[in-house]
Amino acid sequence: MSQAQQENFPPQLLTELEAIKAAALSDDYAYRQLAHLTENIGPRPSGSAQAAAAVDYVAGELRKLGLEVQLEEVKVPHWVRGAETAELVEYPGRAAGTSQKIVLTALGGSTSTAAEGIVADVVVVNNFDELKALGRDKVAGKIVLFNELFDKQKAAAGLAFMAYGDAVRYRGAGPKVAADLGAVAALVRSVASADFRLPHTGWSAAAGIPAGAVTAEDADLMAHLYAQGKVRMRLTLTPQKLPDTTSYNVIADLKGSEHPEQLVVVSGHLDSWDLGTGAIDDGAGVVVAMEAAEIAQRLHLRPRRTLRVIAWIDEETGGAGSQTYTKDHASEFANHVAAIESDAGAAHPLGFDVKISPRATELLRPVLGVLESFGATVLEPSIYPPGADIAAMSEAGVPALGVMQDGRTYFHYHHSAADTLDKVVPAELRENAAAMAVMGYALAGMKEPLPR
Ligand SMILES: [Zn+2]
């Protein structure tokens, strides 16, 4: 160890970090909390009764641990899913009197069709350039399908988030681009790394037209038939946008012994999509952040700086929780020593994506020695903030870390009805709790604040 590493991580602190790791790897606090959030409370979309119940529950559990808990008021959107059905009613070779069912789900923020649905011709494009080449003449009045393929090989090779980033542009921006050319509705191929004829929802920029995600299988079907001739669809999507409502970020402090004004944030987001129960996205992130504080209390360890647990609200539908925190706390960001978010699932942690200085990375090397026994030793420099809810903090200069999970199966289930508790392997969740708790406590306990 260098002298700076030795000064920052004296033997006593390293012993405490080992004890924290051992506690995390042998306890199911996080899993029990996750079971309650997902199975007893259920899906937690912004504005829902379940999101409100989850805020109350997490705040109560953190108070039980003896933390100082505040609820930070956040105005959140409230969008609720309605009917969602579609069928192809005209296509080459159709047997008289038949139609083909299309499995789909509305994207967040989608507007509604008439209750009885709309019927329109389908246009299938592979990318934005193809749509623009068609022009308004061939797009106006039609239902556009963006058939962008998800690069499964990238995901299988460990680059799942890169594959997601490429494909998700169509979910985010496609409906608006189609609407600007006069389309009456827009569909995207589900952004996912596995095909179980399961639609995957997600945020989409307000487009003023109904917008949905079809399954990969149904996107293929539509593309094949469209290549043969005219395809018409009956589409019914009846979601509703209700008035914005009040929700909360849950903020809970374990006060530091020497520098209570200096903060280390450990966090995940409490809201989820409505189709599943938000186990991997992102109940898991919330419960491992909770466990970081629970272990410190259980072992009677008091960090030098304040360990702040945050359960963010509204990551999925606009990020109002993160925006509100930024507005309310920007003047204190100089005292935010570091922020960690876990929002990439609950699979085996490989380490952290980091937006920190090279000197900070070097200083944290002794912590990797503690994490080494279960393999979470990667500190991967990231040009992007490693977590949506800590992005503004990161942009403001706060050192930011995102727990980096094995992402090979994450997008099989992400934003679908299959994001449920059974996808979380208890032993892997324990490893995530260990990674979060050890790194959180290290940042809160090292002698000097992590350099910027
Ligand atoms: Zn998430």
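Amide H contacts of MET404 (H built 1.01 Å from N, in plane; Pro and chain starts excluded): LEU350, GLY351, PHE352, ASP353 sit under 5 Å, all sequence-distant by 5 or more or on other chains. Each Cα pair of segment 291-433 feeds into the Kirkwood radius, which the Stokes-Einstein equation turns, at 25 °C and 0.890 mPa s, into a diffusion coefficient of 149 µm²/s. The packing ranking, built from the mean of other Cβ atoms within 10 Å per residue, places the peptides 208-215, 56-63 in the order 208-215, 56-63, highest first. Relative to the longest principal axis of the Cα atoms of the chain, the long axis of helix 426-445 makes an angle of roughly 50 degrees. Relative to the longest principal axis of the Cα atoms of the chain, the long axis of helix 49-64 lies at roughly 10 degrees.
Residues in the chain average 38 Å² of solvent-accessible surface per residue, probe 1.4 Å, ligands and nucleic acids excluded.
Put simply, when 408-414, 225-231 are sorted by average Cβ atoms within 10 angstrom per residue, most first, you get 408-414, 225-231.
Maximal additional length on extending the ILE383-SER2 stretch stands at 134.5 nm, based on 0.36 nm per residue less the C-alpha distance. Over all pairs of different C-alpha atoms in segment 73-188, the reciprocal of the mean inverse distance, the Kirkwood hydrodynamic radius, equals 16.2 Å. Taking the square roots of 5 times each eigenvalue of the Cα gyration tensor of segment 207-261, largest first, gives ellipsoid semi-axes of 50, 19, 8 Å. Return one number: the angle in degrees, 0 to 90 and rounded to the nearest 10, between the long axis of the Cα atoms of helix 160-180 and the longest principal axis of the Cα atoms of the chain. Helix 160-180 sits roughly 40 degrees off the main axis of the chain. Residues whose amide H comes within less than 5 Å of that of LEU145, counting only those at least five positions distant or on another chain, are VAL123, VAL124, VAL125, LEU187 (H built at 1.01 Å from N in the peptide plane).
A helix-only calculation puts the chain at -11000 deg cm²/dmol for mean residue ellipticity at 222 nm, using -39500 (n - 2.57) for each DSSP H run of at least four residues, averaged over all residues.
Please identify the GluC sites (Glu not before Pro) of segment 69-138 that satisfy two criteria: DSSP loop assignment and at most 15 other Cβ atoms within 10 Å. Which are they?
GLU116
Between segment 153-227 and segment 313-353, how far is it from one alpha carbon centroid to the other, in angstrom? Distance between centres, Cα-based: 26 Å.
Under 24 Å Cα-Cα from LYS255, which lysines qualify once same-chain neighbours fewer than 8 residues away are excluded? Counting by Cα, and skipping residues close in sequence, LYS255 has these lysines nearby: LYS21, LYS64, LYS327, LYS447. Just so you know, the Cα atoms of the chain work out to an Rg and Dmax of 23.3, 81 Å. In this structure SER331 has an accessible area near 110 Å², from a 1.4 Å probe over the protein heavy atoms. The fraction of accessible area contributed by carbon and sulfur in segment 36-118 is 50 percent, rounded to a whole number (1.4 Å probe; ligands and nucleic acids excluded). For segment 371-452, the spread of Cα coordinates along the three principal axes comes to 43, 30, 18 Å, biggest extent given first.
When peptides 290-298, 16-24, 306-314 are sorted by average Cβ neighbour count within 10 Å, with the highest value leading, the order is 306-314, 290-298, 16-24. Taking each residue as 0.36 nm, the span from ARG359 to ASP328 lengthens on full extension beyond its C-alpha to C-alpha distance by 8.2 nm. For segment 159-205, the fraction of 1.4 Å probe accessible surface lying on carbon and sulfur atoms is 65 percent.
The values are calculated or read from the model by the stated rules, or taken from the named source; none is laboratory data. In this text the structure is predicted, and so the values were computed from the model without any measurement. Please note: Cβ atoms are built from the backbone with ideal geometry, for glycine as well, and neighbour counts cover all protein chains shown. These accessible areas exclude ligands, DNA and RNA; they are computed on the full protein's heavy atoms, side chains included. Shrake-Rupley method; radii C 1.70, N 1.55, O 1.52, S 1.80 Å.
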